[in-house]
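Notes follow once the structure below has been shown.
FYI, it's all coordinate maths here, none of it is from the lab. It should be emphasised that the depicted structure is a prediction, and the values quoted were computed from it without experimental measurement. Here Cβ is always computed from backbone atoms with ideal geometry, including for glycine, and neighbour counts include all displayed protein chains.
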Amino acid sequence: MFNLHKGPKFIHLDLTAACNLKCIHCRATSKPDPNELKIDEIIKFLDFCKKEFPNWEAILIGGGEPLIREKDLFNVMDHIHSLGIKCYLNTNGTLINNRNIAKIKKFVEITQISLDGATPETHDYIRGKKGAFNKAIEGIDLLLRNKARVYVRMTLSMINYLEAFDLIDLALKKGVEAVSYYRTLPVGRAKKYNIYIDKRIYHLILKELMRQKYILKGKLDIVSSDPLKVVMDGRLKMEILKKYDISESIGGCLPGITEIFINNIGNVYPCTMMPILLGNIRKNNLKEIWNNSQFLLKIRDRKNLKGSCEKCFLQRVCGGCRAAAFGEYGDYFAEDPYCPNSFMKKTHRYKISKHKKSKFITFPCQSCY
Ligand code: SF4
Ligand code: SF4
């Protein structure tokens, strides 16, 4: 059983909000902030986490574009390395070059590069800069030539969804280890543009991606941090149900359970997509936030979920995306609007068992299986 009092397993840290690109769905401002955490503050924070959180296994460094603060990034990663913690890097790939590749190879477990299209036209449009696609591909090639582990990540929207499967072809051609997908969520600039992927389209794409995962096994991993993957992947669902005691929250949306997010100025949030401020590492003790935050205490307990999530038998392994729930209903505990249990319940295709003795809504929803 996972011991919550031993702290998070994964810490997500934004090194900067500055970026050399300006993606239309991004949560970062793309501008430098003079109040950003200084290197000594970050080192002190990392030492604190190592001492206080015996569960801590890995850190994901993102931004903005973390390579904008290249010198600090490598100092931070060197320190993480010395602590025996795994380091993952999220980057747009355009600043990877012959000068910094050796350090990336040495310190980073997996480099995740965003490719929001399988063509320069789509990617550059979303990323707001001509040439961004080719530079990202150069970065990927350089990493692969140096035998570094590479994931590419696509944030699905109405602009790029037609290229979701072309990205798999590109990834196979390049020889990256995995392709990772998520949906555009209502934070940052994404709130300004109405590019969220249609729920039904997303449902079909995610389901097909989960099928492709088995077809391509051994050649390419297809991954998603979307809690809904468990809904779309029948095999995974059966494995989880057979293997684990699902009376505790073991998967899906995990802020406050295994994860926490610290932004570039030290603000603490449940995850990168939930703008609910829990404190700041300059003023507050992260261990106290982790153990005592009223919001984290509430979100950990999935009995607090509402709507379709309230009685769903996958609640503990999925839990729905809380950020998506907030975006749609203004309530972090509402149902995930992208789950077929939510958006199809009003249609004739969806049937909910009225079995009085069951405390869960019984699956399947007729369209998923
Ligand atoms: S109803 Fe909620 S918990 Fe159940 S599968 Fe859908 S999003 Fe996940
Ligand atoms: S709220 Fe959404 S984005 Fe945040 S951890 Fe949960 S699933 Fe991921």
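Take each complete run of DSSP H in the chain, measure how far its Cα atoms stretch along the helix's own axis, and keep only those covering 15 Å or more with mean Kyte-Doolittle hydropathy at least 0.5; list them.
Flagged H segments are 132-145, 164-174.
Only counting other Cβ atoms within 10 Å, I'd like Thr184, Thr258 sorted with the fewest neighbours first.
On the way: Thr184 25, Thr258 18.
Taking fewest neighbouring Cβ atoms as first place, the list is Thr258, Thr184.
Roughly what % antiparallel, to the nearest 5, for the DSSP beta bridges in the chain?
15
Tell me which chymotrypsin sites (Phe, Trp or Tyr not before Pro) from the stretch 104-203 have a DSSP coil assignment and no more than 16 other beta carbons within 10 Å of their own.
Tyr193
What is the order of Ser180, Ser82, fewest Cβ neighbours within 10 Å to most? Kindly include the intermediate steps, with their values, before the conclusion.
Values: Ser180 19, Ser82 10.
In order of increasing Cβ crowding within 10 Å: Ser82, Ser180.
Where does the charge balance sit around Leu220 when Lys and Arg score +1, Asp and Glu -1, over other residues with C-beta under 15 Å from its C-beta? Before the final figure, lay out the partial values.
On the way: positive: Arg149, Arg153, Lys173, Lys174, Arg211, Lys213, Lys217, Lys219; negative: Asp166, Asp169, Glu177, Glu208, Asp221.
Residues near Leu220 contribute +3 overall.
Averaging sequence separations of C-alpha pairs under 8 Å and six or more residues apart, then dividing by the length of the chain, give the relative contact order as a whole percent.
Over the chain, the number comes to 15 percent.
Loop-only check: which trypsin sites (Lys or Arg not before Pro) in the stretch 85-121 are DSSP coil with at most 11 other Cβ within 10 angstrom?
Values: sites: Lys86, Arg99, Lys103, Lys105, Lys106; in loops: Arg99.
In loop regions of the stretch 85-121 (DSSP not H, G, I, E or B), the sparsely surrounded trypsin sites (Lys or Arg not before Pro) are Arg99.
Can you give the relative contact order of the stretch 1-73 as a percent, counting alpha carbon pairs under 8 Å and 6+ residues apart?
Here the relative contact order equals 52 percent.
When a/c reaches 1.5 or more, the comparison of a/b and b/c decides; with that in mind, is the chain rounded, prolate or oblate per its Cα gyration tensor? Could you put the intermediate results ahead of the total?
Working: a/c = 1.69, a/b = 1.23, b/c = 1.37.
The shape class here is oblate.
Based on the Cβ-Cβ distance from Met158 to Thr29, what FRET efficiency comes out when R0 is 22 Å, to the nearest 0.05?
That pair, Met158 with Thr29, gives E of 0.40.
Suppose every K and R has +1 on its Cβ and every D and E has -1 on its Cβ; what is the size of the dipole of the chain about the Cα centre, in Debye to the nearest 20?
1060
Sorted from fewest to most neighbouring beta carbons within 10 Å, what does the list Tyr338, Tyr244 look like? It would help to have the intermediate numbers written out before the result.
Numbers: Tyr338 26, Tyr244 13.
The order, fewest Cβ neighbours first, is Tyr244, Tyr338.
Rounded, prolate or oblate for the stretch 138-273? Axes are the square roots of the Cα gyration tensor eigenvalues, ordered a ≥ b ≥ c, and the cut-off for rounded is a/c under 1.5. Intermediate values should be presented prior to the final figure.
Details: a/c = 1.28, a/b = 1.08, b/c = 1.19.
Rounded is the answer for the stretch 138-273, as its axis ratio a/c remains below 1.5.
In the Gaussian network model of the chain, springs joining C-alpha atoms below 10 Å, which of Asn98, Asn267, Asn20 carries the largest mean-square fluctuation?
Asn98
Looking at the stretch 248-294, which trypsin sites (Lys or Arg not before Pro) are DSSP coil and have at most 11 other C-beta atoms within 10 Å of their C-beta?
Here the sparse-neighbourhood loop sites are Lys283.
By how many nm would the segment from Phe165 to Lys6 grow when fully extended, if each residue of separation counts as 0.36 nm and the alpha-carbon distance is taken off?
Gain in length upon complete extension: 53.2 nm.
What is the calculated FRET efficiency for Asn284 to Glu70, with r their C-beta to C-beta distance and R₀ = 30 Å, to the nearest 0.05? Before the final figure, lay out each step's value.
Numbers: r = 29 Å, r/R0 = 0.97.
Approximately 0.55, to the nearest 0.05.
Pulled fully out, how much extra length does the chain show between Lys311 and Glu121, if you take 0.36 nm times their separation in residues and subtract their Cα-Cα distance?
Net length gain for the segment: 64.0 nm.
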